[in-house]
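Have a look at the structure below, then the notes.
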Amino acid sequence: MLHSQSQHLAMLVICRTPATLPLQEIARMPPLIFAGECRTLQQRLAKASTGDAFVLFGGDCAEAFSQFSANRIRDLYRLLLQMSTVLAFGGGVPIVKLGRVAGQFAKPRSAPTETINGVTLPAYRGDIINGPEFTEESRRCDPWRLVRAYNQSAATLNLLRGFSYGGYAGLSRVSQWNLDFMKNTPEGHAYMDIAKRVDEAIQFMIACGMDTNMPFMRETEFYTCHECLLLDYEEALTRLDSTSDNWYGCSAHFLWCGERTRQLDHAHVEYMRGVNNPIGVKVSDKMDPNDIVTLIAMLNPHNTPGRLSIIVRMGPQKLREKFPALIEAVQRSGQVVTWVCDPMHGNTETVSGYKTRRYENIRAEIEAFFDVHEKMGTVPGGVHLEMTGDNVTECIGGGASISEDDLDSRYHTHCDPRLNAEQSLEIAFYVAQRLRQREWDSGAGVKGALEMLGPGGRGAGVGLKARCTKVSGSSEEGMADVPAGQRDQVWWHVL
Ligand code: PEP
Ligand code: CO
């Protein structure tokens, strides 16, 4: 038995209709992923723990049945490819792409009910359980939604595999990944700048005799992940791998345990202990340094690199205060983890009745994450974003300056607010800058990068370029006389 039956009732009590038949049906279905893929992903995540790769997690807070379409999957996928290009270009390391997709349906909730105008109904728990509409019928749990979620996941993954291995993700298409509505934005232009340089590099390599049919030119690895919340669903898809004789959760390559379900003696941790996928745990400022060491020892008893990612989500202020003690405890115990920053879940607020997040806070948390690692001499391994390829208005701020008043124009999420395509790409440029800075701090300096710009600089970078010559070891020092709103822009053109 993979987890204690007595412990895993917590999520089940919300659904009074027996789920036996749908679960039996899912248990007969093929696995969505293969154990060998999980082992490869684990190796990639191990590289991220030492700074030799970087992980990009991204996708919806909650996938929705009503928003399921090939175009939406494609737009998320190509935005992740764009962001990976920016990150790889800036950081000079491979980017591990993990979509919060093809299975990210179940949502943990802080309150079991929701009250609107004096009417109280069960909370929405994700399309795999009930519906988002505020009616009694919609909020009633329907176990056949489990089968629908499986089917949507299978169809989504099928398309993602097609994109990854069928030519769409080929490096020669880098300039075609720009989303139409992004073409006239500063991020879109900065992206095309990089795409042009990638194209030039490829042309150069072809001229040198490189074979464009090599897999790395035509394909890319893409992995899926979701919160491991609905244990009955996960258990129905838990399979024994005949190659290794080990158990794998076959609903996604990577599963994580949420902040609300990571208790040491609860069922979710018990389940995760039993599967061999690479896994993650979300950690807020409430995590105690001693407890994190115990939790890591439970989930990764052999201290296998890449097995466990700790996904930190505290908000910028608390992260600066509390994160160092966690790192210190983990370092002292000799445990190997991949540290990932989730700058979304510690920054949620309600504005004009909308659940939203401010771009500046999201960026500030990533900044704090990199700063703390820099100070501790440890490795920032990745970022975990709630984002969409759609042109939504759910998070405030960023280059497009979405204001509080814009929130109701295209607010489509069923759960948490997501970064739109422009805001996501902007974040990617910032992270790329921090990754590049690591290289500079280790000696290369900004000089080489400026030389890459060529005589006269490039486009909008020209006016800002002169100021960059002041940048030496530390970015903040060199950026002192550049107005705050223009700093990311400076870096884009230095990248
Ligand atoms: C999530 O990732 O959507 C989520 C609910 O995260 P957390 O467990 O960190 O709150
Ligand atoms: Co969320």
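The values are calculated or read from the model by the stated rules, or taken from the named source; none is laboratory data. Source: prediction; values computed, not measured. Cβ: placed from backbone, ideal geometry, glycine included. Neighbour counts: every protein chain shown.
Considering only residues that are out of contact with any strand residue (DSSP E or B) (no Cβ under 8 Å at 6 or more places or on another chain) and crowded, with 19+ Cβ neighbours inside 10 Å, look in region 365-380 and name the one that is nearest to residue 306 (Cα to Cα).
That would be 372.
What number of residues within region 83-132 are in a loop (DSSP other than H, G, I, E, B), away from ligand 2 (no atom under 16 Å from the Cβ) and touching a residue at least 12 places away in the same chain (Cβ under 8 Å)?
Number of matching residues: 6.
Looking at 109, 72, 78, can you tell me which residue is within 16 Å of ligand 1 (Cβ to nearest atom) and either in contact with a helix residue (DSSP H, G or I) (Cβ under 8 Å, 6 or more places away or on another chain) or assigned by TED's automatic domain parsing to the domain that holds residue 429 (or both)?
Exactly one of 109, 72, 78 is within 16 Å of ligand 1 (Cβ to nearest atom) and either in contact with a helix residue (DSSP H, G or I) (Cβ under 8 Å, 6 or more places away or on another chain) or assigned by TED's automatic domain parsing to the domain that holds residue 429 (or both), namely 109.
Can you tell me which residues in region 308-325 are touching a strand residue (DSSP E or B) at 6+ places or on another chain (Cβ under 7 Å) and in contact (Cβ under 8 Å) with a residue 40 or more places away in the chain?
Result: 309, 311, 312, 313, 319, 323.
Return the residues of region 270-321 that are more than 14 Å from ligand 1 (Cβ to nearest atom), surrounded by fewer than 21 Cβ atoms within 10 Å (Cβ to Cβ) and assigned to a loop (DSSP other than H, G, I, E, B); say none if nothing qualifies.
276, 288, 300, 301, 302, 303, 304, 305
Matching residues to (1) out of contact with any Ser or Thr (no Cβ under 9 Å at 6 or more places or on another chain); (2) at pLDDT 95 or above:
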residue: 142; (1), (2): no, yes
residue: 151; (1), (2): yes, yes
residue: 182; (1), (2): yes, no
residue: 193; (1), (2): yes, no
residue: 198; (1), (2): no, no
residue: 203; (1), (2): yes, no
residue: 217; (1), (2): no, no
residue: 221; (1), (2): no, yes
residue: 227; (1), (2): no, yes
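Starting from residues that are in a loop (DSSP other than H, G, I, E, B) and farther than 15 Å from residue 336 by Cα, keep the ones in region 375-389 and report whichever is farthest from ligand 1 (Cβ to nearest atom).
Filtering first and then ranking leaves 389.
Scan region 343-361 and tell me whether some residue there is assigned to a loop (DSSP other than H, G, I, E, B), among the small types (Gly, Ala, Ser) and within 16 Å of ligand 1 (Cβ to nearest atom).
For region 343-361, residues assigned to a loop (DSSP other than H, G, I, E, B), among the small types (Gly, Ala, Ser) and within 16 Å of ligand 1 (Cβ to nearest atom): present.
For region 208-232, which residues satisfy the criterion of being away from ligand 1 (no atom under 16 Å from the Cβ) and within 23 Å of residue 159 (Cα to Cα)?
Residues satisfying the conditions are 213, 214, 215, 216, 217, 218, 219, 220, 221, 222, 223.
Suppose we filter region 289-323 for residues that are within 16 Å of ligand 2 (Cβ to nearest atom) and not basic (Lys, Arg); how many remain?
Residues meeting the conditions: 4.
Does residue 178 satisfy being modelled with pLDDT under 95, under 30 Å from residue 105 (Cα atoms), away from ligand 2 (no atom under 16 Å from the Cβ) and touching a Phe, Trp or Tyr at 6+ places or on another chain (Cβ under 7 Å)?
Considered against the rule, which asks whether it is modelled with pLDDT under 95, under 30 Å from residue 105 (Cα atoms), away from ligand 2 (no atom under 16 Å from the Cβ) and touching a Phe, Trp or Tyr at 6+ places or on another chain (Cβ under 7 Å), residue 178 comes out as yes.
Out of region 193-220, which residues are exposed (fewer than 10 other Cβ atoms within 10 Å of the Cβ) and part of a loop (DSSP other than H, G, I, E, B)?
Scanning region 193-220 gives 208, 209, 211, 213.
Could you list, in sequence order, the residues of region 169-178 that are over 21 Å from the mean Cα position of the chain (by Cα) and in a loop (DSSP other than H, G, I, E, B)?
Answer for region 169-178, where residues must be over 21 Å from the mean Cα position of the chain (by Cα) and in a loop (DSSP other than H, G, I, E, B): just 170.
Going by the structure shown, is residue 93 closer than 23 Å to residue 217 by Cβ, at pLDDT 95 or above, assigned by TED's automatic domain parsing to the domain that holds residue 430 and surrounded by fewer than 19 Cβ atoms within 10 Å (Cβ to Cβ)?
Yes; evaluated as a whole, the condition is true for this residue.
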